[in-house]
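The values are calculated or read from the model by the stated rules, or taken from the named source; none is laboratory data. Here the structure is a predicted model, which means the values were calculated and not measured. Here Cβ is always computed from backbone atoms with ideal geometry, including for glycine, and neighbour counts include all displayed protein chains. Surface accessibility is based on the protein's heavy atoms, side chains included, excluding ligands, DNA and RNA. Shrake-Rupley method; radii C 1.70, N 1.55, O 1.52, S 1.80 Å.
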Amino acid sequence: MRFLREFKGLAASGGVVTGKVRRIDRGISGLGRLVQDSGRERALFDAAVVLAKDEIRELMERAEGDEKDILLFQLVMLDDEALIDEVGDYIAAGAGSAAATERAGQIFARRIRDIPDEYIRQRGVDVMDACRRVVDILDGRPRQSLVLEEPAILAAEQVFPSDIISVDHGMVLGIATSAGSAQSHAAIVARTLGIPAVIQLGPEFLACCDG
């Protein structure tokens, strides 16, 4: 016998939908990392940034409107001198390129979230999205577009803009996240596409999805 559970969150994009839930698996990063000399680590980072920007440009080719603007913002962030210098400082101090990118991305996202303007605060998610792509490249993790074999509701702690942009929009019934903001770029894309979305369902929601 299966019991229904009820979770309450905030509407980020209007609508009502029912269907199967597909949890976005981010995988586990940081396993088996070997730190080389700082010169080699910096070269790996620079190469990963180039590849990440190429991948974002490919996404931009099939993106429209707000989607294209979001990806353009991520391209700009990967050219941001302050972010690049922050990563370089961590590498020079002995950190691996992937760990340095993670750390710098978290710091920059935190700084952005401290800005009073709500819209600007949500750009922190886009910084994390761009840095995550670089880290995945450095960790050798696959970055294939999310493939849905049947229409489903996407579930995650928070949905990054690239998660929605890279998938067949017609297969996304809705979006449900344990955290997130109605002003995030992912929420904006959902509203633009008319995809129902609910946020801030709490950590127990994802635990239920695992089951």
So how much slack lies between Asp85 and Glu64, counting 0.36 nm per residue of separation and subtracting their Cα-Cα distance, in nm? 4.4 nm
In whole angstrom, and with the biggest value first, how far do the Cα coordinates of the stretch 81-121 range along each principal axis? 35, 17, 11
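Multiply the residue separation of Gln36 and Tyr119 by 0.36 nm, subtract the distance between their alpha-carbon atoms, and state the gained length in nm to one decimal.
Stretched fully, the Gln36-Tyr119 segment lengthens by 26.0 nm.
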DSSP bridge pairs, the chain: antiparallel proportion in percent, nearest 5: 25
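If you build the convex hull over the alpha carbons only and average its shadow over all orientations, what do you get for the stretch 44-164? Give it in nm² to one decimal.
Over every viewing direction, the Cα hull of the stretch 44-164 projects on average to 8.3 nm².
Test of understanding: what is the full-extension gain from Glu157 to Ala43, defined as 0.36 nm times their sequence separation minus their Cα-Cα distance?
Working: separation 114, 0.36 × 114 = 41.04 nm, distance 3.22 nm.
Stretched out fully, the Glu157 to Ala43 stretch lengthens by 37.8 nm.
Could you look at the chain and say what percent of its accessible area is carbon and sulfur, using a 1.4 Å probe and all protein chains? Numbers along the way, then the final one.
Numbers: 5980 of 11460 Å².
Here it works out to 52 percent.
Over the stretch 53-112, what number does the Rg to Rh ratio reach, with both radii from the alpha-carbon atoms and Rh per Kirkwood?
Details: Rg = 13.4 Å, Rh = 12.5 Å.
Result: Rg/Rh = 1.07.
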Taking only the alpha carbons of the stretch 148-203, the radius of gyration and the largest Cα-Cα distance, Dmax, both in angstrom, are 10.2, 29
Selected from Phe45, Ala156, Gly105, residue furthest toward positive end of dipole (the stretch 1-158; charges at beta carbon): Ala156
Please identify the longest segment of the chain free of exposed chymotrypsin sites (Phe, Trp or Tyr not before Pro), where exposed means a DSSP state other than H, G, I, E or B and no more than 15 other Cβ atoms within 10 Å. 8-211
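Whole number please: convex hull volume per residue of the Cα set in the stretch 109-211, in Å³? Each step should come with its number before you reach the end.
Numbers: hull volume 11.5 nm³, N = 103.
Taking the convex hull of the Cα positions in the stretch 109-211, it is 112 Å³ per residue.
Could you list the square roots of 5 times each eigenvalue of the Cα gyration tensor of the chain, that is, the equivalent ellipsoid semi-axes, sorted largest first and rounded to whole Å?
Numbers: eigenvalues 190, 68, 56 Å².
Ellipsoid semi-axes (Å, largest first): 31, 18, 17.
Relative to 2.2 N^0.38 Å, what does the C-alpha radius of gyration of the stretch 85-153 come to as a ratio? Two decimals please.
Values: Rg = 15.0 Å, N = 69, 2.2 N^0.38 = 11.0 Å.
Computed over Cα atoms of the stretch 85-153, the ratio equals 1.36.
Would you calculate, for the chain, the mean residue ellipticity at 222 nm contributed by helices, counting each DSSP H stretch of 4 or more residues as -39,500 (n - 2.57) and dividing by all residues, to the nearest 500? Walk me through the numbers before you get to the answer.
Working: 9 runs with 108 residues, N = 211.
Taken over the chain, the calculation gives -16000 deg cm²/dmol.
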Based on the Kirkwood radius over alpha-carbon pairs, what is the Stokes-Einstein translational diffusion coefficient of the stretch 1-107 at 10 °C with 1.306 mPa s viscosity, in µm²/s? 92
